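A.B. asks: Dropping the structure in here first, questions after.
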Amino acid sequence: MFCSLLFLSLCVFYSDQRSTPEDDSYIAAVVEYQVSANSAVNLENYVRLIQDAGEQGADIVVFPEMTLTRGNSVTIPMNSTVREFPVPALHPELYDEVLVSISAAARQNEIYVVINIQEIVNCITNPNDEYCPQLNLYYFNTNVVFDRNGTIIDRYRKINLFGEFTRTPALRPDLGIFETDFGVTFGHFICFDLMFQVPAVQVVQRHNITDVVFTTMWFSEMPYLTAVEIQQAYAQTMNVNFLAAGANNVLVGSAGSGIYSGSAGALISIMPGQPTTRVLVSKVPKVPGQLMPQDTYPGPIYDDPAAMDNLVLITDPSLPSHVTRLLRNGSQEFTLIDKDVVCHFRVNLAQREGEMGPFYRAFIHDGINVYSKRQVGTISCAIIACKTEDIKSCPYKFNKDEETLVIEELEIKMTSYNKHYNTTLKCDDIVYYPISFRNNKFPLSPKNFSYEIANTPRDRSDSSEKTKDITKQVYREHITYRLNVPQENLVSFGIWGRIFNRDVNKKYLPSKEDKQKYIEIENIIYNTV
């Protein structure tokens, strides 16, 4: 077996035999890829990494968001050329070099490949090839999927843009779904999409999807939304296998990839504090969470301690406005209330003799948060580490020398809004995630906590009426989240949720200044300034 010397890869020996529909598992690979502005070098690297994944027996390999082309747009004529000549490698004169090269690599290595590119649609010269509401040039953030023959089998355009003012959101909320020859149907979406009902919840629940591909350039935010933390939480809540490939740029806070399986957590994951390109490979059970006892899984791959704090982490600026209470050493039990949500905390903190550790606060929030000028409904019950007693010092990612405060016991009981089923979208209007974040930048292993949701009847009445208020329901959700073993390195631990009906879906029209500012941000990301 070959392992590239140019890239850090996790070399795992798997059979060269392809997975089949009869197998109870398949082999997946995701790539943590170091950001570069050089498209030609990126394309060469991608081809090598596809070969690397193929030689490790992977059936599918996933690359991150916006790490292949930067400033170069690709045309994907799905309604004309792709329909008639779907294998770019066999018709190079009809396609961009990027599609031809990736198609050829997928074909040569007999592997499914998912890439992300900037797509251009010219509705001025080709108004009949695509859906064209106006005669404009449109730029989309797009996933493209190739099968083992190098055939383009699916395209998905990002619906929820994260301040990408030079691009257009998908003109229609089409979901990304593709089938494979090993009996697994995948949904797929991009980065900020994870935060929204369409597509992240709808693609799973409406189509009974058990496996999801995620391309991302994530910017981690403590305490609830660091990359591997929310990736693992999504896989558990949605009960799916989750293949997450992250862009790597530690100086701007972008890192984090992994392969997760339902309630089993990370089969393999990485959250590096240094510039990294790495292929992560793991066997994946077709039933999420049901690991085979004879199989071994790498799990989290931890940093060199010297690089632990190099990754830039931003913090949720809304925390000081939340309802909170400072914890003291010893046993304590209390209740916090915010609007219609109740959080009951039972905590036992033990201070090591003669040493000083972080402070902890309990938080509750029921309201609205803002991400990239989008107002969205959020809810949370959590304890969070702080540097001092001042709420403005929270959250605090302390170092190993400060692991002097042991959380001997912790249980959080949230009484909140019952999950409500949207009969139009065919999915839930509320989701809750078990989140945790340690000072080593990884979440807790699922074996170290218990997460239970009481079985309450789900409101399946029609929610299509604009006046429907899902927060005024008879039924209540009762969620219990507790530690199974003491912990001394927790930065945050709690329940974080999204109430989608609270989202403000007002369209924001970016100004020239917005677009110029985003270009400047991209120049920083791609180190072209």
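A.B. asks: Of everything in the range 288-301 that's open to solvent by 40 Å² or more (accessible area, probe 1.4 Å) and within 20 Å of the chain's Cα centre (by Cα), which residue is nearest to THR237 (Cα to Cα)?
C.D. replies: By that ranking, first place goes to PRO300.
A.B. asks: Among the listed residues VAL31, VAL47, which satisfies the condition of being of a type in the set (A, V, I, L, M), assigned to a strand (DSSP E or B) and either farther than 22 Å from VAL250 by Cβ or modelled with pLDDT of 95 or more (or both)?
C.D. replies: VAL31
A.B. asks: Of the residues in the range 369-389, how many are open to solvent by less than 10 Å² (accessible area, probe 1.4 Å) and either hydrophobic (A, V, I, L, M, F, W, C) or in contact with a Cys (Cβ under 6 Å, 6 or more places away or on another chain) (or both)?
C.D. replies: Within the range 369-389, residues that are open to solvent by less than 10 Å² (accessible area, probe 1.4 Å) and either hydrophobic (A, V, I, L, M, F, W, C) or in contact with a Cys (Cβ under 6 Å, 6 or more places away or on another chain) (or both) number 8.
A.B. asks: Where in the range 180-261 are there strands (runs of 3 or more DSSP E), lying fully within it, with 3 or more residues that are free of Cβ contacts under 8 Å to residues at least 60 places away in the same chain?
C.D. replies: Strands (runs of 3 or more DSSP E) meeting the threshold: 185-190.
A.B. asks: Residue check: is LYS392 surrounded by fewer than 18 Cβ atoms within 10 Å (Cβ to Cβ), out of contact with any strand residue (DSSP E or B) (no Cβ under 9 Å at 6 or more places or on another chain) and touching a residue at least 60 places away in the same chain (Cβ under 8 Å)?
C.D. replies: Judged against the criteria, LYS392 is not a match.
A.B. asks: For the condition part of a helix (DSSP H, G or I) and among the β-branched types (Val, Ile, Thr), what is the one hit in VAL100, VAL114?
C.D. replies: Just one listed residue meets the conditions, VAL100.
A.B. asks: Now for a different question. As an exercise: evaluate ALA105 against (1) open to solvent by less than 30 Å² (accessible area, probe 1.4 Å); (2) more than 29 Å from the chain's Cα centre (by Cα); (3) touching a residue at least 24 places away in the same chain (Cβ under 8 Å) and give the number of the one condition it does not meet.
C.D. replies: Unmet condition: (2).
A.B. asks: Okay, next question. When you check ARG70 against the structure, is it buried (at least 18 other Cβ atoms within 10 Å of the Cβ), among the basic types (Lys, Arg) and modelled with pLDDT under 95, yes or no?
C.D. replies: It is true that ARG70 is buried (at least 18 other Cβ atoms within 10 Å of the Cβ), among the basic types (Lys, Arg) and modelled with pLDDT under 95.
A.B. asks: Step by step: first the residues of the range 164-190, then only those that are of a type in the set (A, V, I, L, M, F, W, C) and under 30 Å from GLN516 (Cβ atoms), then the one that is surrounded by the most Cβ atoms within 10 Å (Cβ to Cβ). Which residue is that?
C.D. replies: Selected residue: ILE190.
A.B. asks: Tally up the residues in the range 474-503 that are modelled with pLDDT of 95 or more, of a type in the set (A, V, I, L, M) and more than 22 Å from the chain's Cα centre (by Cα), please.
C.D. replies: Adding up the residues that qualify gives 3.
A.B. asks: Here is a further query. Inside the range 372-423, can you point out the residues that are part of a loop (DSSP other than H, G, I, E, B) and small (Gly, Ala, Ser)?
C.D. replies: Within the range 372-423, SER372 is the sole residue that qualifies.
A.B. asks: Next question. So, in the range 395-411, of the ones that are more than 22 Å from VAL341 (Cα to Cα), open to solvent by less than 10 Å² (accessible area, probe 1.4 Å) and of a type in the set (A, V, I, L, M), which residue ends up modelled with the highest pLDDT?
C.D. replies: So the residue we want is ILE407.
A.B. asks: Identify, please: which residue in the range 6-28 is buried (at least 21 other Cβ atoms within 10 Å of the Cβ) and assigned to a loop (DSSP other than H, G, I, E, B) and is, among those, modelled with the lowest pLDDT?
C.D. replies: VAL12
A.B. asks: Name every residue in the range 322-351 that is under 18 Å from ILE479 (Cβ atoms), touching a Gly at 6+ places or on another chain (Cβ under 8 Å) and open to solvent by 60 Å² or more (accessible area, probe 1.4 Å), in order of residue number.
C.D. replies: LYS339
A.B. asks: Additional query: Restricting attention to the range 474-501, which residues are touching a helix residue (DSSP H, G or I) at 6+ places or on another chain (Cβ under 8 Å), touching a residue at least 60 places away in the same chain (Cβ under 8 Å) and either open to solvent by 60 Å² or more (accessible area, probe 1.4 Å) or of a type in the set (D, E, K, R) (or both)?
C.D. replies: If the condition is that a residue be touching a helix residue (DSSP H, G or I) at 6+ places or on another chain (Cβ under 8 Å), touching a residue at least 60 places away in the same chain (Cβ under 8 Å) and either open to solvent by 60 Å² or more (accessible area, probe 1.4 Å) or of a type in the set (D, E, K, R) (or both), then ARG498 is the only one that fits.
A.B. asks: Which one of THR471, THR467, THR456 is at pLDDT below 90 and either touching a Pro at 6+ places or on another chain (Cβ under 7 Å) or crowded, with 17+ Cβ neighbours inside 10 Å (or both)?
C.D. replies: THR471
A.B. asks: Among the residues of the range 502-529, which ones are under 23 Å from ALA37 (Cβ atoms), in contact (Cβ under 8 Å) with a residue 24 or more places away in the chain, β-branched (Val, Ile, Thr) and assigned to a loop (DSSP other than H, G, I, E, B)?
C.D. replies: THR528
A.B. asks: Something else about it: Just name the residue that is farthest from the chain's Cα centre (by Cα) out of those in the range 161-179 that are more than 24 Å from SER254 (Cβ to Cβ) and assigned to a strand (DSSP E or B).
C.D. replies: My answer is GLU179.
A.B. asks: Just to be sure before I move on: is TYR156 aromatic (Phe, Trp, Tyr), over 29 Å from VAL376 (Cα atoms), surrounded by 22 or more Cβ atoms within 10 Å (Cβ to Cβ) and at pLDDT 95 or above in the structure I sent?
C.D. replies: No; evaluated as a whole, the condition is false for this residue.
A.B. asks: Still on this structure: Hey, does the range 331-339 have a residue that's part of a strand (DSSP E or B), farther than 21 Å from PHE442 by Cα and at pLDDT below 95?
C.D. replies: no
The values are calculated or read from the model by the stated rules, or taken from the named source; none is laboratory data. Computed from a predicted model, the values in this text were never measured in an experiment. When we count neighbours, we look across all protein chains shown, and the Cβ atoms used for this are built from the backbone with ideal geometry, even at glycine. Remember, those area values only see protein heavy atoms, side chains included, never the ligands or the DNA or RNA. Shrake-Rupley method; radii C 1.70, N 1.55, O 1.52, S 1.80 Å.
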